[in-house]
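Enquirer: Have a look at the structure that comes next, please.
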Amino acid sequence: MSISLIESLISELTSPDLVLLPEMAICSYMASQAVWKYADDCSKDTSAWTMRMAGFTMNGKTKIYARGGNSISCDLKSEKGEGLKAVVNSQNRREGMDKNKLIEMASSFVETSDANYITNEMALSKNVSGLKMFEAPIFAFGEAEDDYFRKLKDKNVIGDHFLLPQEWLREAKTVISFFLPFTTEVKKGNIKDLIWPSNEWLHARYEGQSFINKFCQYLSSELTRTGNKSVVPSLDDRFWSNTGDNSHIDNLYTSNWSERHVAFVCGLGTFGLSKGLITSKGIAGRFGSIVTELYVSPDKRGYGSIYEYCSMCGECGEKCPVRAISIEEGKNNKLCAAFLDETVEKFRPRYGCGKCQVGVPCESFIPQAR
Ligand code: B12
Ligand code: SF4
Ligand code: SF4
């Protein structure tokens, strides 16, 4: 919500005793929890302005209350909502969300969310207690109508089972794709043992995915709260994937929403020999995405072919404990999936491998061309 819009809305109100700016309010101070859906939990950028606004109107007839400092919060507490005459609710709530705000919120969530850290109770060993799993994400925004999404339905790309953005959400305008790079601790941890996944990697695969789910839910609910319908395909009931052991037998090693292909279309990076997607922050990390009706200008793909960022150095193949990757044959999903099954047996409920993603030239950057 822009400042001028708020000011003009306030000026239209007929002598209110109190104006509550719901986007900045803390719900626990409200007489009615109904305003919770408008509460803004991280209004850092607006709080300074709020203080100023509150300062110069506090002594006048209209009081403006919002989150922005203890003194104002205390006032609100004592009021308990009495005298609440008007709730300024933006007429154009969609204005409240844009690319920059989303990226800012996302980075702050990754930094501060407890779910991005391994607690003492869940730690597999002492040295991973307090481990941070992911660094700040990088984003790419794709146009839902991009013809490239349709191409993914081709038999030799993904197949007809791939669902288009509009099939997940009829009103879809944008696909938001992100890559969460693993922290140095997670990457370094997985280099030491040449065969089995490190505790850092096991946590980043298992608890890391729970974190990504929370992260997607958070962004999606913020989009919805600002009036933009959104769907997280990987959390939707219609989503399925086949890692080699379930019923979609004709469609082995695939899914109806492939995060790497979506990231490729949105402009995040290209495939590598190992079949991982290489981004500007490398290959070691995980992807996620949200389909939304919010329109933002799409990013440009900075590449022309699907393996452009891969230097074809072959180091991922050398690192693979079961020789599932080679320059001649590409990647053998069956060998890879069978090894992952072995790790399930050993580390249940956790599992993982990722040796092809660490200690390789594409681990954290786009590798130099050979
Ligand atoms: C099924 C699956 C697997 C299967 C098979 C993987 C596969 N198909 O590549 C198995 C069990 C083997 C597996 C293993 C692993 N996985 Co996995 N897996 C998935 C899953 C659930 C679905 C993948 C999918 O839909 N594939 C679709 C098929 C079609 O992909 P494809 O065959 O590779 O596609 C090729 C063709 O399309 C071809 N092509 C031909 N013509 C054209 C034209 C165009 C225009 C394009 C774009 C492509 C194209 O190019 C592609 C690459 O060669 C995704 C999660 C998700 N929802 O996306 C994670 C995912 C791919 N896995 C991931 C990871 C990290 C792993 C592991 C490291 C395990 C671990 N965590 O320890 C290993 C590493 C494997 C590897 N070397 O990449 C990450 C990838 C991260 C990255 N940097 O890329 C994902 C995206 C999960 C996530 N949320 O981040 N996985
Ligand atoms: S290790 Fe080398 S060959 Fe393998 S994906 Fe990375 S850049 Fe490509
Ligand atoms: S995840 Fe492990 S088994 Fe699979 S290709 Fe990479 S190194 Fe090989």
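Enquirer: Pop out the ³J(HN,Hα) list for segment 173-187 in order, Karplus 6.51 cos²θ - 1.76 cosθ + 1.60 with θ = phi - 60°, rounded to Hz; leave Gly and Pro as x.
Expert: 10, 9, 10, 9, 10, 9, 10, 9, x, 5, 6, 4, 4, 5, 5
Enquirer: With Cβ to Cβ distances under 11 Å as the rule, what net charge do the other residues near residue 165 carry (K, R +1; D, E -1)?
Expert: Taking every other residue near residue 165 into account, the sum is -3.
Enquirer: What does the charge count near residue 348 come to, summing +1 for each Lys or Arg and -1 for each Asp or Glu among other residues with Cβ under 13 Å from its Cβ?
Expert: It works out to a net charge of 0.
Enquirer: Can you work out the Karplus-derived ³J(HN,Hα) for every residue in segment 130-141? Use 6.51 cos²θ - 1.76 cosθ + 1.60 with θ = phi - 60°, whole Hz, and x for glycine or proline.
Expert: Along segment 130-141, the couplings run x, 4, 8, 8, 10, 8, 4, x, 10, 10, 9, 10 Hz.
Enquirer: For segment 96-357, report the convex hull volume of the alpha-carbon atoms normalised per residue, in Å³, without decimals.
Expert: Numbers: hull volume 33.8 nm³, N = 262.
For segment 96-357, the hull spanned by Cα atoms encloses 129 Å³ per residue.
Enquirer: Quick query: amide H of residue 134 versus all other amide H atoms, modeled in the peptide plane; which residues come in under 5 Å with a sequence gap of 5 or more or a different chain?
Expert: Placed amide hydrogens put 183 under 5 Å from residue 134.
Enquirer: Starting from the amide H of residue 302, placed 1.01 Å from N in the peptide plane, find each other amide H under 5 Å away whose residue is 5 or more places distant or on another chain.
Expert: none
Enquirer: Turning to a different aspect of this structure: From the phi of every residue in segment 343-355, what ³J(HN,Hα) in whole Hz does the Karplus formula 6.51 cos²θ - 1.76 cosθ + 1.60 yield, where θ is phi - 60° and glycine or proline is x?
Expert: Karplus-based 3J(HN,Hα) across segment 343-355 equals 5, 5, 4, 7, 10, 2, x, 8, 6, x, 8, x, 5 Hz.
Enquirer: Considering amide H positions built from the backbone, and no H for Pro or chain starts, which residues 5 or more places from residue 286, or on another chain, come under 5 Å of its amide H?
Expert: Under 5 Å from the amide H of residue 286: 180, 182.
Laboratory data are not the source of any read-out in this text; all were calculated from the coordinates shown. Just so it is clear, the model here is predicted, and its values are computed rather than measured. Don't worry about glycine lacking a Cβ; one is built from the backbone with ideal geometry, like all the others, and counts go over all protein chains shown.
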